[in-house]
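Novice: Mind looking over this structure? Questions follow.
The values are calculated or read from the model by the stated rules, or taken from the named source; none is laboratory data. Fair warning: this is a prediction, and the values are worked out from it, not measured in the lab. In this analysis, Cβ positions are derived from the backbone assuming ideal geometry, glycine residues included, and neighbour counts consider all displayed protein chains.
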Amino acid sequence: MSVTTILQSWRRGNAPQSEELQFCLQQALKQPKQAPAFGITNDTGLAKIEARSRLFQASIQDVEKACLARGLTDFKTVYKLAWQLWLPLAMQLHEARSNHGKPLIQGLLGGQGTGKTTISFLLQIILQHLGDRAIAISLDDLYLSYKARQTLQQQDSRLLWRGPPGTHDLAEGIRVLDELRSPSKPEILIPRFDKSWHNGAGDRVEPVPVTPGDIIFFEGWCVGVQPLTESAFTHPPCPIVTPDDRKFALDCNKRLKTLPLWQRLDRLIVLNPVDYRSCQQWRKEAEQKMRNQRKSGMSDSEIEQFVEYFWKALHPELFLPPLLQNPDVVDLVIEINPDRSPGKIYQPSA
């Protein structure tokens with residue numbers, strides 16, 4: 001017996017058997033950090049496993065279709081990811097939303113290529129089967145227009161590209177999140193940003209009207225990142241090398257102290273790469289896909305400079321470790337392996 005064979009049996013429509021549920025429970029309890037992160041204990045675990053099995057059977061066909069559309073054709077892997085991550089996370093969010101009593105804003109922090117968009121998309125599908133309507137908004141959609149960023153660059157020549165604190169329309173972000181949290185009309189205009197415009201510099205496009213939801217995923221490369229003390233920058237990592245680099249990093253850190261968007265978050269999940277440098281390769285792969293679709297994008301050398309620019313602004317080695325030890329800010333950490341598969345899943349501890 002294995003969890004994979006059990007899931008395949010359930011996928012064929014066979015009813016879950018008590019011994020199968022017990023086996024899945026024991027396998028879950030072997031993950032000492034992941035089990036409590038999803039509320040799996042000896043006392044309460046079986047009920048959650050039973051509920052997860054029902055959700056698996058109810059949602060798996062829609063999950064398969066969504067994965068096929070994104071090029072995920074290995075269904076054994078899909079079943080494993082659904083069982084170990086997507087389903088229990090959806091159940092956790094459903095419970096949090098029920099306890100919250102109003103629309104829940106779920107922050108999703110992850111570097112470039114960590115899978116923020118994919119996981120929020122799949123969770124939206126699964127949450128439908130729990131009676132929740134979920135929608136997603138990206139921090140990227142809140143960038144200032146190309147023209148506004150050109151003006152900003154004239155004021156501060158270091159803001160070469162979009163990305164760092166200061167390049168977002170904070171008022172628009174607050175407006176959107178507040179309207180989604182306490183909707184007063186049937187449709188809300190959500191801003192959208194197309195990264196392919198202006199040779200990869202990107203620009204705003206027409207906003208999209210959406211119906212308010214029960215759960216709002218707010219994802220981005222620095223969503224929820226907290227400011228550090230100045231002493232953290234005494235011996236910063238590469239590519240923060242020169243005095244000018246350090247001054248830029250310090251100024252970006254100061255802008256975090258006045259960033260009001262994070263105050264709108266009800267929860268925060270961190271997608272944490274095992275090696276943050278993988279993000280550079282993942283971004284190259286994403287740009288290649290854009291070029292294959294005949295959209296303009298950046299060259300590999302431009303991507304390297306672009307990603308390093310992000311690291312100079314808010315370096316993962318500086319900003320992520322404190323978050324991963326802060327249970328008051330972060331609710332769940334999902335490690336991302338170099339092949340983009342999920343690794344360890346746990347709650348942060350001080």
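Novice: I'm told Arg255 meets every condition in (1) surrounded by fewer than 19 Cβ atoms within 10 Å (Cβ to Cβ); (2) modelled with pLDDT of 95 or more except one. Can you identify the failing condition by its number?
Specialist: Among (1) surrounded by fewer than 19 Cβ atoms within 10 Å (Cβ to Cβ); (2) modelled with pLDDT of 95 or more, Arg255 violates only (2).
Novice: Follow-up. Mind checking which residues of the stretch 288-333 are of a type in the set (A, V, I, L, M) and modelled with pLDDT of 90 or more? Please lay out each step first, then the result.
Specialist: Taking the stretch 288-333 as the starting set, the residues that turn out to be of a type in the set (A, V, I, L, M) are 290, 298, 303, 307, 313-314, 318, 320, 323-324, 329-330, 332-333.
Ala313, Leu314, Leu318, Leu320, Leu323, Leu324, Val329, Val330, Leu332, Val333 - these are the residues of the stretch 288-333 that are of a type in the set (A, V, I, L, M) and modelled with pLDDT of 90 or more.
Novice: May I pose another question? Hey, any hits in the stretch 130-148 for a residue that's aliphatic (A, V, I, L, M), buried (at least 18 other Cβ atoms within 10 Å of the Cβ), part of a helix (DSSP H, G or I) and in contact (Cβ under 8 Å) with a residue 24 or more places away in the chain?
Specialist: In the first step, residues of the stretch 130-148 are kept if they are aliphatic (A, V, I, L, M); the result is 130, 134-137, 139, 142, 144, 148.
Next, only the ones that are buried (at least 18 other Cβ atoms within 10 Å of the Cβ) stay: 130, 134-137, 139, 142, 144.
Now narrow it down to the ones that are part of a helix (DSSP H, G or I): 139, 142.
Checking the rest, the ones that are also in contact (Cβ under 8 Å) with a residue 24 or more places away in the chain come to 139, 142.
Within the stretch 130-148 (the criterion being aliphatic (A, V, I, L, M), buried (at least 18 other Cβ atoms within 10 Å of the Cβ), part of a helix (DSSP H, G or I) and in contact (Cβ under 8 Å) with a residue 24 or more places away in the chain), the answer is yes, since at least one residue qualifies.
Novice: If we only count helices (runs of 4 or more DSSP H) wholly inside the stretch 1-81, which ones have 1 or more residues that are farther than 30 Å from Val330 by Cβ and basic (Lys, Arg)? Break it down into steps so the answer makes sense when it comes.
Specialist: Values: elements: 3-11, 18-29, 34-37, 45-69, 75-81.
Those helices (runs of 4 or more DSSP H) span 3-11, 45-69, 75-81.
Novice: Within the stretch 85-92, is there a residue that is in a helix (DSSP H, G or I) and farther than 15 Å from Leu332 by Cα? Before you say what the answer is, go through the steps one by one.
Specialist: Step one: list which residues in the stretch 85-92 are in a helix (DSSP H, G or I), which gives 85-92.
The next check asks that each one be farther than 15 Å from Leu332 by Cα; those that pass are none.
The answer is no; no qualifying residue exists.
Novice: Next up: With Gln26, Gln92 as the choices, which residue is within 22 Å of Pro348 (Cβ to Cβ), modelled with pLDDT of 95 or more and not basic (Lys, Arg)? Reasoning before the result, please.
Specialist: Details: Gln26 fails: within 22 Å of Pro348 (Cβ to Cβ).
The match here is Gln92.
Novice: Looking at the stretch 135-168, which of its residues are among the charged types (D, E, K, R) and within 18 Å of the chain's Cα centre (by Cα)?
Specialist: Within the stretch 135-168, the first condition is being among the charged types (D, E, K, R), and the residues that meet it are 140-141, 147, 149, 156, 158, 162.
Asp140, Asp141 - these are the residues of the stretch 135-168 that are among the charged types (D, E, K, R) and within 18 Å of the chain's Cα centre (by Cα).
Novice: Could you grab me the full set of residues in the stretch 144-164 that are within 14 Å of Cys222 (Cβ to Cβ) and at pLDDT 90 or above?
Specialist: If the condition is that a residue be within 14 Å of Cys222 (Cβ to Cβ) and at pLDDT 90 or above, then Pro164 is the only one that fits.
Novice: Give the stretch 326-343 a look and list any residue that's under 12 Å from Pro273 (Cβ atoms), part of a strand (DSSP E or B) and not β-branched (Val, Ile, Thr), or say none. Working first, answer last.
Specialist: Our first condition is that a residue be under 12 Å from Pro273 (Cβ atoms); within the stretch 326-343, this holds for 333-343.
Keeping just the survivors that are part of a strand (DSSP E or B) gives 333-336, 342-343.
Across the stretch 326-343, the qualifying residues are Glu335, Pro342, Gly343.
Novice: Hey, Asn42 hits all of (1) of a type in the set (S, T, N, Q); (2) more than 18 Å from Thr77 (Cα to Cα); (3) modelled with pLDDT of 95 or more but one; which does it fall short on?
Specialist: Looking at each condition in turn, Asn42 falls short on (3).
Novice: Only one of these conditions is not met by Thr118: (1) modelled with pLDDT of 95 or more; (2) over 26 Å from Ala171 (Cα atoms); (3) in a helix (DSSP H, G or I). Which number is it?
Specialist: It is condition (1) that Thr118 fails.
Novice: Right, next: Which is outside any loop (DSSP other than H, G, I, E, B), under 25 Å from Gln305 (Cα atoms) and in contact with a strand residue (DSSP E or B) (Cβ under 8 Å, 6 or more places away or on another chain), of Phe193, Phe217? Walk me through how you get there before you give the answer.
Specialist: Working: Phe217 fails: under 25 Å from Gln305 (Cα atoms).
Matching residue, one of Phe193, Phe217: Phe193.
Novice: Still on this model: Which residue pairs have Cβ atoms under 8 Å apart, sit 6 or more places apart or on different chains, and have a first residue in the stretch 277-300 that is basic (Lys, Arg) and a second that is modelled with pLDDT of 70 or more?
Specialist: Partner pairs satisfying both residue conditions: Arg283/Gln112; Arg283/Gly113; Arg283/Ile303; Arg283/Phe306; Arg283/Val307; Lys284/Asp300; Lys284/Ile303; Lys295/Ser196.
Novice: Is there any pair with a first residue in the stretch 302-320 that is surrounded by 19 or more Cβ atoms within 10 Å (Cβ to Cβ) and a second that is of a type in the set (Asp, Glu) whose Cβ atoms are under 8 Å apart and which are 6 or more apart or on different chains, and what are they?
Specialist: Going by the 8 Å Cβ cut-off, the qualifying pairs are Ile303/Glu287; Lys312/Asp245.
Novice: I've got another one for you. Scan the stretch 95-134 residue by residue and report those that are under 10 Å from the mean Cα position of the chain (by Cα) and closer than 17 Å to Leu332 by Cβ.
Specialist: Gln106, Gly107, Leu108, Leu109, Gly110, Gly111, Thr114, Gly115, Lys116, Thr118, Ile119, Ser120
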